[in-house]
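The values are calculated or read from the model by the stated rules, or taken from the named source; none is laboratory data. All values derive from a computational prediction rather than experimental measurement. All Cβ positions, glycine included, derive from the backbone under ideal geometry; neighbour counts span all protein chains shown.
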Amino acid sequence: MVLARPAFVVAALGLAACAVFPDLDERALPATPKHGIVVCEEAVAAAAGLAMLERGGNAVDAAVATAFTLAVTFPEAGNLGGGGFAIYAPHDERRGGGGRRSAVAMDFRETAPAALTAEMFLDDGGELDPELANRSALAVGVPGSVAGLFELHARAGRLPWRTVLRPALTAAREGTMSASLRWKLTSSGMRERIERGGGGGTFYPGGDYASGGGGGEPPAVGAPFPQEALARTLERIARDGPDGFYRGETAQALVAGIAARGGVMTLADLDAYRAIPREPLRGWFRGNEVLAMPPPSSGGVALLQALSILDGFPLDQEREATLATVGGDGTSGISGRAVHWWIEALRRAFADRARHLGDPDFVDVPVDELLSPDWIAARRISIGERADAGVLPLELALPDAIGGGADTTHIAVLDTDGNAVSLTTTLNSNFGTGIYLPAVGFFLNDELDDFAIQAGTPNQFGLIGGEANALAGGKRPLSSMTPVVVRDGGTAATLVLGARGGPRIITAVFLAILRTEVYGETLAETQRAPRLHQQWSPPQTFLEPGWDARVVQELRNRGHAIEPTTTRTAGLSGIETTVGGEPVGVPDPRNPLAAVGVEDGGVEVSRSVHAGDPRWAAATRGDGRDVDWELLERAAARTDR
Ligand code: DON
């Protein structure tokens with residue numbers, strides 16, 4: 001509904017503005033979206049969120065229901081044993097008041113157990129042992145998801161807690177094997193990781209396998225796949241809230257399972273865990289307010305730095321000149337010179353990440369300075385016409401590659417009141433450490449690899465760091481997760497974005513904002529366009545296939561080390577709308593089974609959303625026809641039981 005704006009009417013009559021300028025409460029709010037949308041990476045979980053919206057729940061109810069359901073239907077990344085971040089942006093925001101009318105950046109990142117030290121991860125020669133950092137019980141951070149989802153819901157949810165847990169419970173009790181999970185279970189390396197971690201009996205049943213009944217094949221797509229232990233855990237959480245996880249039976253099973261594998265997490269570590277509601281970072285880019293995650297995420301700072309640096313370059317003139325001469329890719333007016341600026345901006349932001357960012361409750365993170373006009377201007381001035389791989393050298397070794405696969409997943413929700421939730425959750429690697437606790441039915445994260453456990457030694461993503469991100473008991477490892485909400489003129493949400501992909505998350509979100517705001521592309525067009533990735537170290541820039549050859553040549557001419565990559569660089573889930581318009585959910589075509597739920601419109605998978613775009617027709621992950629549409633109906637229908 002578009003309301004009149006009394007303030008402006010009165011001002012036009014020539015009355016003294018100071019006397020009549022109303023309070024925010026009295027002022028008209030921007031129009032709200034025409035329908036609600038949920039975007040995530042799995043269809044049953046999208047249906048769960050949608051069911052909340054259709055029952056009168058808000059974006060928070062939907063995001064929380066979707067996150068819990070992903071823990072059942074998408075356990076490669078959806079989780080109870082991991083952590084994440086969420087940005088909540090209410091439509092009628094009142095700054096600083098707390099509660100449901102204030103935006104919040106919910107930090108439910110895992111913490112290091114109190115007794116953990118960096119030395120525990122070193123081999124006999126004093127070198128970091130990647131096996132310990134990624135696959136052992138030492139790598140497991142104190143999980144944050146249950147506390148974070150509870151806090152978010154308590155602050156701004158509308159439906160009862162039990163109701164938002166209901167779809168996940170139904171999916172756990174009555175679930176069938178999804179195409180997406182089966183695809184993952186049969187992909188390279190997963191059987192070994194899961195059977196070794198104790199999940200063989202659940203995910204590869206049928207054999208008489210010493211490690212817990214595995215050795216068989218995963219159930220066929222659509223075959224019954226109830227997860228009873230997980231259902232019991234969810235039931236305890238539904239009944240007791242965080243106490244159903246951080247205390248009692250679940251906590252005891254967690255600590256016992258970790259201790260049996262040589263970990264050091266205690267009941268006291270679990271009991272002490274708290275999600276932290278933080279003030280979101282607020283930056284501006286081209287008339288839009290960008291609400292982003294502060295440390296211990298590096299995502300918000302790096303994104304805002306890169307956008308701010310670029311904002312001083314003549315992007316529009318360059319685009320117009322390119323369109324006029326068709327010297328770029330011929331469609332969006334993206335030239336090699338502009339992409340050179342993008343890369344150099346990213347390089348500087350990632351250099352600052354490595355040096356300055358860490359958990360603000362343990363180290364002094366100079367966020368204000370890193371985002372200050374002087375700091376940004378200095379970085380801008382340092383960018384010339386040629387690639388500059390020597391920027392801001394840290395005295396740290398340079399790895400020669402970035403790491404490959406791993407797992408995380410993003411949920412974007414917008415409701416008809418205009419409230420937005422952007423929530424990223426992760427176990428870090430696929431199925432985390434691979435350690436699965438049959439008694440409670442979930443996987444444990446390997447998030448502590450995100451610390452710079454040994455200064456200068458790269459982690460699985462090739463990221464290096466120093467003191468700011470050193471490991472310490474109780475501390476949160478630095479993250480790249482970048483949930484954002486972009487608001488038109490600081491009011492209505494027009495983009496809700498986030499991604500999977502380690503450091504590539506930051507570049508994926510950066511590219512989506514840049515391409516929509518500067519190059520006039522729709523979010524769907526930005527999703528289908530090839531991405532690039534640059535993270536300062538290593539110095540190369542990685543390009544997905546499909547870039548215009550002239551742009552690539554120009555980058556090489558300017559001295560850029562360009563490396564083609566066939567690794568899909570990230571997976572972005574997003575929503576785009578105009579103020580008061582019809583919001584569009586845009587899953588990433590790189591995952592054809594990612595899903596969009598539209599209020600009063602049902603659920604659709606990415607494969608059909610992007611159908612007709614030949615570039616993505618051959619995407620490999622399953623087939624929309626394999627989605628368990630019946631379970632989806634049941635999960636949605638039974639939420640009110
Ligand atoms: O928090 C982080 O930055 C990482 N643990 C995220 C891992 C990730 O995105 C892997 N995804 N594909």
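If only one of N445, N430 is surrounded by fewer than 24 Cβ atoms within 10 Å (Cβ to Cβ), within 14 Å of the ligand (Cβ to nearest atom) and assigned to a loop (DSSP other than H, G, I, E, B), which one is it?
Numbers: N445 fails: surrounded by fewer than 24 Cβ atoms within 10 Å (Cβ to Cβ).
From the options N445, N430, the qualifying one is N430.
Looking at G465, is it in a loop (DSSP other than H, G, I, E, B), buried (at least 24 other Cβ atoms within 10 Å of the Cβ) and within 16 Å of the ligand (Cβ to nearest atom)?
When the stated conditions are applied, G465 passes them.
Taking strands (runs of 3 or more DSSP E) that do not extend beyond segment 200-294, which have at least 1 residues that are acidic (D, E) and touching a strand residue (DSSP E or B) at 6+ places or on another chain (Cβ under 9 Å)? Give the steps one after another, and end with the answer.
Details: elements: 276-278, 281-285, 288-292.
Where strands (runs of 3 or more DSSP E) fall fully within segment 200-294 and carry at least 1 residues being acidic (D, E) and touching a strand residue (DSSP E or B) at 6+ places or on another chain (Cβ under 9 Å), they are 288-292.
Can you tell which of T541, T526 is closer than 30 Å to L414 by Cβ and either more than 16 Å from the ligand (Cβ to nearest atom) or touching a residue at least 60 places away in the same chain (Cβ under 8 Å) (or both)? Full working, then the answer.
On the way: T541 fails: closer than 30 Å to L414 by Cβ.
Just a single option satisfies the conditions, and that option is T526.
Is segment 133-154 home to any residue that is closer than 30 Å to G456 by Cα and of a type in the set (K, R)?
Yes, segment 133-154 contains at least one residue that is closer than 30 Å to G456 by Cα and of a type in the set (K, R).
Given the structure, is V609 at pLDDT 95 or above and out of contact with any Phe, Trp or Tyr (no Cβ under 7 Å at 6 or more places or on another chain)?
Values: at pLDDT 95 or above: no; out of contact with any Phe, Trp or Tyr (no Cβ under 7 Å at 6 or more places or on another chain): yes.
The answer is no for V609.
Need the failing condition index for A549 against (1) within 16 Å of the ligand (Cβ to nearest atom); (2) within 30 Å of R386 (Cβ to Cβ), just the number.
Looking at each condition in turn, A549 falls short on (1).
What are the pairs, 6+ residues apart or on separate chains, where a residue within segment 486-508 that is closer than 18 Å to G283 by Cα has its Cβ under 6 Å from a residue that is of a type in the set (K, R) and away from the ligand (no atom under 16 Å from the Cβ)?
Pairs found: A493/R487.
Out of the strands (runs of 3 or more DSSP E) lying entirely within segment 500-608, which hold 3 or more residues that are under 29 Å from F74 (Cβ atoms)? Lay out the reasoning, then the answer.
On the way: elements: 541-543, 562-564, 571-576, 584-586, 595-598, 602-605.
Those strands (runs of 3 or more DSSP E) span 571-576, 584-586, 595-598, 602-605.
Only one of L181, L185 is touching a residue at least 40 places away in the same chain (Cβ under 8 Å) and of a type in the set (A, V, I, L, M); which?
After applying the criteria, what remains is L181.
Filtering segment 478-499 down to residues that are in a strand (DSSP E or B) and closer than 19 Å to D450 by Cα, which residue is farthest from the ligand (Cβ to nearest atom)?
Among them, the one singled out is G498.
On the given criteria, is I513 among the β-branched types (V, I, T), at pLDDT 95 or above and within 16 Å of the ligand (Cβ to nearest atom)?
no
Of the conditions (1) surrounded by 24 or more Cβ atoms within 10 Å (Cβ to Cβ); (2) within 14 Å of the ligand (Cβ to nearest atom); (3) not small (G, A, S), I435 fails just one. Which one is it?
(2)
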